[in-house]
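Notes to accompany the following structure.
The values are calculated or read from the model by the stated rules, or taken from the named source; none is laboratory data. The structure presented is a predicted model; accordingly, all values stated were derived computationally and were not measured. Note that each Cβ is placed from the backbone with ideal geometry, even for glycine, and that neighbours are counted across all protein chains shown.
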Amino acid sequence: MGGFTGPAAASRTLLLGRFDVDGRLRHVGRSTTLPQASGRTIASLLVPAGDGHPWAGWSFSAGWGSRESLHVTLVVPELVVEVGVDVARDRAGRWRHPARWHRSRPDLSAGDVPVFEPGPTG
């Protein structure tokens, strides 16, 4: 994952990313709202990003058709989380619907996650 919304002590939603074959962190979607206990647990596992985060300067929309931007805190993209998604993806290969939170996976590294493959139109 690459960032979160909400207070630093209790993340509200997660901005999800996966590395592609070139080692770039690709934004693939956002989670549903986390349960409060999960948000507090996740917050304790995150390291704020320093300069040079691949998403620095980006603006993230609050939802489809919305012009409202999310306030996002970027993090070092090391924590792996387990989510459930449906198969709907946009042209860039991102999940169209929020991913359902399952759990954090501190036992895995970002290198354990299959690389992002955008498909023929991404």
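Here is how the numbers come out for the structure above:
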item: Output for segment 39-52, where each listed residue is outside any helix (DSSP H, G or I) and over 13 Å from the mean Cα position of the chain (by Cα); result: Val47, Pro48, Ala49, Gly50, Asp51, Gly52
item: Residue that is under 18 Å from Arg105 (Cβ atoms) and either in contact with a Cys (Cβ under 8 Å, 6 or more places away or on another chain) or of a type in the set (S, T, N, Q) (or both), where the choices are Ser61, Ser11, Ser69; result: Ser11
item: Residue count for segment 34-50, restricted to those that are within 18 Å of Glu82 (Cβ to Cβ) and free of Cβ contacts under 8 Å to residues at least 60 places away in the same chain; result: 6
item: Selection count, segment 67-90, where residues are of a type in the set (D, E, K, R), modelled with pLDDT of 80 or more and surrounded by 12 or more Cβ atoms within 10 Å (Cβ to Cβ); result: 2
item: Scan of segment 6-41 for residues that are at pLDDT below 90 and within 12 Å of Val75 (Cβ to Cβ), ordered by number; result: Ala8
item: Qualifying residue in segment 69-82 (condition: touching a Lys or Arg at 6+ places or on another chain (Cβ under 9 Å), of a type outside the set (A, V, I, L, M), closer than 14 Å to Arg103 by Cα and not in a helix (DSSP H, G or I)); result: yes
item: Residue identified as crowded, with 17+ Cβ neighbours inside 10 Å, modelled with pLDDT under 80 and farther than 21 Å from Pro7 by Cβ among Gly119, Gly93; result: Gly93
item: Residue check for Ala99: surrounded by fewer than 19 Cβ atoms within 10 Å (Cβ to Cβ), within 13 Å of the chain's Cα centre (by Cα) and touching a residue at least 24 places away in the same chain (Cβ under 8 Å); result: no
